[in-house]
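Asker: So that we are looking at the same thing, I have put the structure below in C-alpha cells.
The values are calculated or read from the model by the stated rules, or taken from the named source; none is laboratory data. All of these numbers come straight from a predicted model, not from anything done at the bench. Every residue, glycine as well, gets a Cβ built from its backbone with ideal geometry; the counts of neighbours run over all protein chains shown. Each accessible area value is taken on the protein alone, full model and side chains, heavy atoms only, with ligands, DNA and RNA left out. Shrake-Rupley method; radii C 1.70, N 1.55, O 1.52, S 1.80 Å.
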Amino acid sequence: MTKDKYQPQPQHKFTFGLWTVGNRGRDPFGDAVRPTLPPNDAVRMLAEVGAWGVNFHDNDLVPIDATAQERDRIVGEFRHVCEETGITVPMATVNLFYEAVFRDGAFTANDPSVRAYALQKTMRAMDLGAEFGAKIFVLWGGREGVETDACRRADEAIKRLRESLNYLCEYSLDQGYDYKFALEAKPNEPRADIYMPTTGAYLALISTLDKPEMVGVNPEVAHEHMAGLNMTHAVAQAWESGKLFHIDLNDQVLGRYDQDLRFGSANPKAAFWLVKFLEDVGYAGPRAFDAHAYRTEDYEGVKDFARGCMRTYLVLKEKAAQWNADAEIKAILAEINEPDEPSPNVGKFSKNGVQALLAHDFDRQKLAAKKLSYERLDQLTMDILLGVR
Ligand code: GCO
Ligand code: MN
Ligand code: MN
C-alpha cells in the first residue's frame, strides 16, 4: 500500500482542543447529541487520527469543583495517556466564560472580587498547563464585553484588561514558567460586543503592556471572518510584528453566527492564502484546529471531521508549493514586480534622497499603463485549486 501523502506527521504540529473533538453538539436551540467524551479518550482519538498535540482549558480537564485529590488523580491519568500516545500539550488556556460568576466579564467585570477570582483561576490554569510543559497560554476574553455600554466606560475595561495581563506576565516570570501569552480576539458571541474585537485591536493593546515581548496574538479564522475581515491580512500583521504566537484554524461563512466549521470547508480559497502565507514565511508554531464536527455526527464522524481539518491543510500546503513552482505564475510575478522605468530609490529618509525624489519627473500615464495580469494570475490560482492544472 502506498503511503498517503496527506497523512499528518508530528512536524506538521497539528493540535486540537479537548473542547473541539469533545464538542457534544449543543447549540442555543438544542441539547447535546453526542455523549461526553472523557479527556483521556479524546487524547486517544487524537493519536488515532494523527494529531500531534492537545490543548485544554483548565475545566476541560479538571472539573471546577474537583478536590485537590481528584485533581491530582485526573492529572496523573491524563499525563499517562499523553505519554502513552505521544500526544504533547503545547498550549493551555483558561475558561473565563462558562460560569455564572463571569456573566459581567472576568478581567473587566465591575466587581473587584470577580476580577480577582479571574486572576486566581487563570494562575491556577497556568500552573496546570505548566505541569504538562505547555509554553503557550491562550487568553480568549469571551465575556469581556457588553450588551449595554451603560454598565461601564469602555476605556475603564481596557485599563482593567491591561492590569490583568501585566499581573499574569509577572506571575509567569515569578514561577519560571516561560509562557508566551497569545491573546485571541473575537467581535461578538457570547457578548453582543467584545472589547477586543480584532487581532489588530490586541496588537495595539500589547504595545502598551509592561512586558510586551511576552505577549502576542492567537488569530482565529472564524473570528476575523465574523468581523468581515481578511484573516490572512490579520495574520500577516501579527507575523510581521513578531506576534504570531499561536493560530486557531476553522472556517466560517461571512455574516453568520459563530459556526466553527471544519478548516477550509466554507472558504477554501481564503484558507489557501492563509496556508500559503504560514508555509511561505515558515511559521513554526502549532496549527491548532478550533472547530467542531457537525451536529449530525457521532464520534466516528468526529474523526472524519478531525482528519478533514488536517487533510485540507496538507492539500492546500501542497497546492501552495505547486503555486510557488509554477513557471507561468513565476513569470507574471516577475513581470508585475519589474519597474517599467527607473525612479529614485526611496529607502530610509536622507537629505540627498529627498532632493532626488522631489526633483524627479514621474510619467504618470506610463506608470498607469503597466500591465498587471491579475485576472490571469487569479485564474491560474483557481485552476490549481480546482485541480485542473
Ligand atoms: C470561541 C473561541 C474559543 C477559544 C478557546 C481558547 O469562539 O469559543 O474560539 O474556542 O479559542 O476558549 O481560549
Ligand atoms: Mn471561536
Ligand atoms: Mn478559538
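Asker: Name the pairs whose Cβ atoms lie under 8 Å apart, with the first residue in the stretch 75-98 and over 19 Å from residue 41 (Cα atoms), the second open to solvent by 40 Å² or more (accessible area, probe 1.4 Å) and part of a helix (DSSP H, G or I), and 6 or more positions between them or separate chains?
Answerer: 95/59; 95/60; 98/59
Asker: Let me ask something else. How about the stretch 140-183: which of its residues are open to solvent by less than 10 Å² (accessible area, probe 1.4 Å) and in a strand (DSSP E or B)?
Answerer: 145, 146, 181, 182, 183
For (1) open to solvent by 10 Å² or more (accessible area, probe 1.4 Å); (2) part of a loop (DSSP other than H, G, I, E, B); (3) on the phi > 0 side of the Ramachandran plot; (4) not hydroxyl-bearing (Ser, Thr, Tyr), each residue gets a yes or a no:
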residue	(1), (2), (3), (4)
228	yes, yes, yes, yes
232	yes, no, no, no
235	no, no, no, yes
253	yes, yes, no, yes
265	yes, yes, no, no
273	yes, no, no, yes
277	yes, no, no, yes
284	yes, yes, no, yes
296	yes, yes, no, no
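Asker: Show the residue pairs meeting these rules: Cβ distance below 6 Å; 6+ apart or different chains; first residue within the stretch 372-386 and of a type in the set (Val, Ile, Thr); second residue open to solvent by 50 Å² or more (accessible area, probe 1.4 Å).
Answerer: From the stretch 372-386, the pairs are 384/322.
Asker: Do you know which residues across the stretch 86-105 are more than 16 Å from ligand 3 (Cβ to nearest atom) and either under 23 Å from residue 137 (Cβ atoms) or part of a strand (DSSP E or B) (or both)? Spell out how you get there, then give the answer.
Answerer: So in the stretch 86-105, the residues more than 16 Å from ligand 3 (Cβ to nearest atom) come out as 86-89, 99-105.
Residues satisfying the conditions are 86, 87, 88, 89, 99, 101, 102, 103, 105.
Asker: For residue 59, all conditions in the list (1) open to solvent by 20 Å² or more (accessible area, probe 1.4 Å); (2) over 22 Å from residue 121 (Cβ atoms); (3) not in a loop (DSSP other than H, G, I, E, B) hold save one; what is the number of the exception?
Answerer: Only one criterion in (1) open to solvent by 20 Å² or more (accessible area, probe 1.4 Å); (2) over 22 Å from residue 121 (Cβ atoms); (3) not in a loop (DSSP other than H, G, I, E, B) is unmet by residue 59, namely (2).
Here's the yes/no breakdown for (1) under 30 Å from residue 258 (Cα atoms); (2) not assigned by TED's automatic domain parsing to the domain that holds residue 374:
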site: 297; (1), (2): yes, yes
site: 303; (1), (2): yes, yes
site: 307; (1), (2): yes, yes
site: 322; (1), (2): no, yes
site: 332; (1), (2): no, no
site: 339; (1), (2): no, no
site: 342; (1), (2): no, no
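Asker: Does the stretch 106-116 contain any residue that is closer than 22 Å to residue 215 by Cβ, of a type in the set (S, T, N, Q) and either assigned to a helix (DSSP H, G or I) or more than 16 Å from ligand 3 (Cβ to nearest atom) (or both)?
Answerer: In the first step, residues of the stretch 106-116 are kept if they are closer than 22 Å to residue 215 by Cβ; the result is 106-109, 115-116.
Right, trim to of a type in the set (S, T, N, Q) and you get 108.
Those still in the list that are either assigned to a helix (DSSP H, G or I) or more than 16 Å from ligand 3 (Cβ to nearest atom) (or both) too: 108.
There is at least one residue in the stretch 106-116 that is closer than 22 Å to residue 215 by Cβ, of a type in the set (S, T, N, Q) and either assigned to a helix (DSSP H, G or I) or more than 16 Å from ligand 3 (Cβ to nearest atom) (or both).
Asker: In the stretch 186-221, which residues are within 16 Å of ligand 3 (Cβ to nearest atom), free of Cβ contacts under 8 Å to residues at least 40 places away in the same chain, open to solvent by less than 20 Å² (accessible area, probe 1.4 Å) and aliphatic (A, V, I, L, M)?
Answerer: Result: 217, single match.
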